[in-house]
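Scroll down for the structure; my scribbles are underneath it.
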Amino acid sequence: MQKPFVNPKNAGARGGYDEVLKKISRDRVCPFCAENLAHYHTKPILKTGRFWILTENGYPYKGALHHLLFIHRQHIENIAEISPAAWSELLQMTRTEIKKRAVAGGTFYLRFGNTAATGASVTHLHANLIAPDMRVKNREPILTRVG
């Protein structure tokens with residue numbers, strides 16, 4: 001049996017994301033692989049590098065001014081599979097976006113491996129860059145899943 005590409009249990013309460021993940025699960029495809037990305041991801045591709053695709057998260061966390069995804073172009077699931085050249089490109093793309101968007105502070109994370117352990121909803125390796133909307137007074141913290 002093919003291992004699942006998504007974990008709908010980790011969708012959280014983000015505007016119908018759970019239903020999208022259930023459909024992807026039924027379709028038995030990886031939503032972040034090139035041949036499927038446009039079908040399941042409605043946000044535009046902002047940049048395509050040699051190793052990474054940059055896009056906005058289609059279901060950003062509540063309170064985020066910026067929620068970007070850096071999706072590895074090849075289907076990999078483990079951090080150990082990232083080449084040194086891919087790490088370098090990810091760092092450069094991240095630096096560029098932080099500068100371009102004048103991000104004063106935020107969070108950058110990359111989950112890998114078993115989604116039951118990581119809290120990720122998609123197994124295809126991707127990183128998140130999240131910055132809160134500092135203009136909102138009395139804002140709530142942005143929370144994400146781990147494990």
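When the accessible area of segment 25-76 is split by element with a 1.4 Å probe, what percent falls to carbon and sulfur? Answer for segment 25-76: carbon and sulfur cover 48 percent of the accessible area. For the chain, the residue among Tyr61, Leu110, Asn10 whose Cα projects farthest onto the positive side of the dipole built from Cβ charges is Tyr61. Each Lys and Arg contributes +1 and each Asp and Glu -1, all at the Cβ; summed about the Cα centre of the chain, the dipole is approximately 320 debye. A full extension of the chain between Thr42 and Gln92 corresponds to an added length of 15.5 nm, given 0.36 nm per residue minus the alpha carbon distance. Listed by chain and number, the aspartates and glutamates whose C-alpha is less than 13 Å from the C-alpha of Lys47, apart from same-chain residues fewer than 8 away, are Glu56, Glu89, Glu97.
Taking R0 as 30 Å, what FRET efficiency do you get between Asp27 and Leu65 from their Cβ-Cβ distance, rounded to the nearest 0.05?
Values: r = 32 Å, r/R0 = 1.07.
Step by step, r from the Cβ atoms, then E = 0.40.
Only protein heavy atoms count here; under a 1.4 Å probe, Thr144 has an accessible surface of about 70 Å². Near Glu56, the amide H atoms lying under 5 Å from its own belong to Leu46, Leu69; only residues 5 or more places off or on other chains count, and H is placed 1.01 Å from N.
Ignoring ligands, DNA and RNA, what accessible area per residue does the chain give at 1.4 Å, in Å²? Present the calculation step by step, with values, prior to reporting the outcome.
Values: 8700 Å² over 147 residues.
With the other protein chains kept in place, the chain gives 59 Å² per residue.
Based on the reciprocal of the average 1/r between different C-alpha atoms, the Kirkwood radius for the chain equals 15.8 Å. In this simple spin-label approximation, Ala34 and Val136 carry label points 7 Å from Cα along the Cα→Cβ vector, and these lie 3.7 nm apart. Working note: Karplus 6.51/-1.76/1.60 with θ = phi - 60° gives segment 103-113 the couplings 6, 6, x, x, 10, 10, 8, 9, 9, 8, x Hz, where Gly and Pro are set to x.
The values are calculated or read from the model by the stated rules, or taken from the named source; none is laboratory data. Just so it is clear, the structure is predicted and the values come from calculations on it, not from any experiment. Counting neighbours? That spans all protein chains shown, and the Cβs are built from the backbone with ideal geometry, glycine included. These area figures cover heavy atoms from the full protein model, side chains too; ligands, DNA and RNA do not enter into them. Shrake-Rupley method; radii C 1.70, N 1.55, O 1.52, S 1.80 Å.
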